[in-house]
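Here the structure is laid out as structure tokens; the discussion comes afterwards.
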Amino acid sequence: MRKTRPIVVVTRRTLPGGGLERLAEQVELVRCETDVAPRVDQLVPLLARAAGLLSLTTDRVDAALLDAAPHLRVVSNAGVGTDNLDLAELTARGIPAGNTPGVLVETTADLAFALILAASRRLVEADRYVREGRWTGVPFDLLLGQDVHRATLGIVGYGAIGRAVARRALGFDMTVIHHSRTRRDDELSRWVPLDELLRTADIVSVHTPLTPETRGLIGARELALMKPTAVLVNTSRGPVVDQAALTAALAERRIFAAGLDVTAVEPISSDDPLLRLPNCIVLPHIGSASLATRSRMVELAVDNILAGLAGTRLPHCANPEVYTATGGTPST
Ligand code: 8YV
């Protein structure tokens, strides 16, 4: 008789790459029939017998959801951010949670740099100008932007992605400064207090995870410290920046422009005032969205699921304390 396979719920119909096919060879895969985050009432009925949950960073995994999954042995997020997971609750229940650090660093840094260039040089506005048939002559002061080369780049949150952006900045002869919890200079960049960074930088790029300490880190006071010519780029999490304060600063031209891959609420409402501002670029959270990188993220998420089901340590565990808190035996 064939051994019953553990049930793993995946919160999407499909994910890029071959990871899910590999997973399906070893488990009973239950897919949510949706391409976007499922509603809780869609997800809950699937979880009753689930041993594993493969989630994305847009799926909230909290106590209420976990109550519906009494047999869960592992949660695996296909993403590096874990602010969608209640890690304390998972640890208390002895459930290890995986994430996918490393593989998306360079792809996300590419996008941050694309936003730095696009917002500084007004690329989206310029493209619209051409498409709207307004390119009928070339006024000398047409779409004047800010230079990126030799500018000062201020990186807020100096982890792997922040450092990858700093490396790219060297090719543009930029001066790089950063602010992070750890006060440490390196060969790429000098640590400075946040206020000094905001006053000095021509371009501010945000790369902190979302935590209680970083929520609203860039608010009205911080925006007021920035130069009127400054550009703000955020590819981390929307709530790190106070969006109402940013909207006001951009509308009143107190800073030059913003490039956002993330917003306070995702998806952003189509009538959000931010979308009416010509000096703001808004992307639909595509930082890690290259085919190769998203495929690798799924592969890592699958590795984490399989390790969790086998009762071995997850290759990338976001709550390693689960192994000590439960005396080395996470929930089985
Ligand atoms: C998301 C991200 O995973 O990894 C993260 O933390 O924010 C992204 O890479 C991606 O948008 C899929 O939800």
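R296 falls short on exactly one of the conditions (1) within 16 Å of the ligand (Cβ to nearest atom); (2) out of contact with any Lys or Arg (no Cβ under 7 Å at 6 or more places or on another chain); (3) outside the structural domain of L53 (by TED's automatic domain parsing), and that condition is (3). Residues in the stretch 180-195 that are in contact with a Phe, Trp or Tyr (Cβ under 8 Å, 6 or more places away or on another chain) and closer than 23 Å to Q146 by Cα: 1 in all.
Yes or no, residue by residue, for (1) in contact (Cβ under 8 Å) with a residue 60 or more places away in the chain; (2) outside the structural domain of V165 (by TED's automatic domain parsing):
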site	(1), (2)
L47	no, yes
G52	yes, yes
T57	no, yes
A64	no, yes
L72	yes, yes
A97	yes, yes
F113	no, no
R122	yes, no
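Checking the condition over 22 Å from the mean Cα position of the chain (by Cα) and modelled with pLDDT of 95 or more, which residue from I268, I255, I305, I286 passes?
Details: I268 fails: over 22 Å from the mean Cα position of the chain (by Cα); I305 fails: over 22 Å from the mean Cα position of the chain (by Cα); I286 fails: over 22 Å from the mean Cα position of the chain (by Cα).
Exactly one residue qualifies, and that residue is I255.
Of the helices (runs of 4 or more DSSP H) that lie entirely inside the stretch 79-134, those containing 1 or more residues that are within 16 Å of the ligand (Cβ to nearest atom) span 87-92, 105-120.
When each of E266, E222 is tested for being closer than 24 Å to H285 by Cβ, more than 15 Å from the ligand (Cβ to nearest atom) and touching a helix residue (DSSP H, G or I) at 6+ places or on another chain (Cβ under 7 Å), the lone residue that passes is E222.
Residues that are surrounded by fewer than 23 Cβ atoms within 10 Å (Cβ to Cβ) and either touching a strand residue (DSSP E or B) at 6+ places or on another chain (Cβ under 8 Å) or of a type in the set (S, T, Y) (or both): which strands (runs of 3 or more DSSP E) entirely in the stretch 192-283 hold 2 or more of them? Before you say what the answer is, go through the steps one by one.
Working: elements: 203-206, 231-234, 257-260, 280-282.
Output list reads 280-282.
Residues that are assigned to a loop (DSSP other than H, G, I, E, B) and among the small types (G, A, S) within the stretch 1-59 comprise G17, G18, A37, A48, listed in sequence order.
The values are calculated or read from the model by the stated rules, or taken from the named source; none is laboratory data. Since we're looking at a predicted model, the values are computed, not measured. Note that we place each Cβ from the backbone using ideal geometry, even for glycine, and neighbour counts take in every protein chain shown.
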